[in-house]
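A short write-up of the structure that comes next.
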Amino acid sequence: MVTLQPSEVHVVGFEAFVAARGVGLVRFAVLLTGDDHRAEDLVQEALAKAYLRWEGIRRVDDPEVYVRRLILNGSRSWWRRRANREVPVERAPDAAAAGDLSGEAADRDELWRLVAALPFKQRAVVVLRYYEDLDDAAIARVLECSQTTVRTHAMRALNRLRGRLSESQSESESQTESQSQTESQSQTESQSQSASESEAEA
């Protein structure tokens, strides 16, 4: 039987955690930032900090909650910078493949753009609840707040999203109606011009 030294147990436990949860943590960071490269940097930074305190984290906290919290805090600091806030988020999670013009893909992308525009804590709750499938208790641990606060953020986020979706739908219908009127007017003008030309020839 091989006996591992304490330092070796530390490394093995950490590596097992990264192997099991690394991909999920990157996905979480992408959902928060909308930027693949920044997401990977955030996860690397969080894991580096967690590694230094791994044994302590395992004794007093859930490692995944702790690392998610580090990623969340790093994302919040990054998101607060004006230059980054003003960069539109073009990447949506699980984006449709090139050539996929289905209504479902378009609706999903539109919803993601609206989620990306939410205030940070509301966005974090939406990501954790609806994309990461965490319950209110788990979200509260990550955000270090009460479950009531989690539910409040979720309610405000959903109300804001419903309002924005309604506005977007109204704008789309208005644009469609305007386009139809323009096409109808063009067709009428074309018919009128053709009739005039026919009369002139006669």
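No lab work stands behind these numbers, since they all come straight from the coordinates. Values in this document were obtained by computation on a predicted structure and should not be read as measured data. With ideal geometry, Cβ positions are generated from the backbone for all residues, glycine too; neighbour counts draw on all protein chains shown.
A few comments on the model shown:
- Ordering of 156-165, 117-126, 20-29 by burial proxy (mean other Cβ atoms within 10 Å per residue, highest first): 117-126, 20-29, 156-165
- In order along the range 132-137, the phi-based Karplus estimate (6.51 cos²θ - 1.76 cosθ + 1.60, θ = phi - 60°) of 3J(HN,Hα) comes to 9, 6, 8, 7, 4, 5 Hz; Gly and Pro are listed as x.
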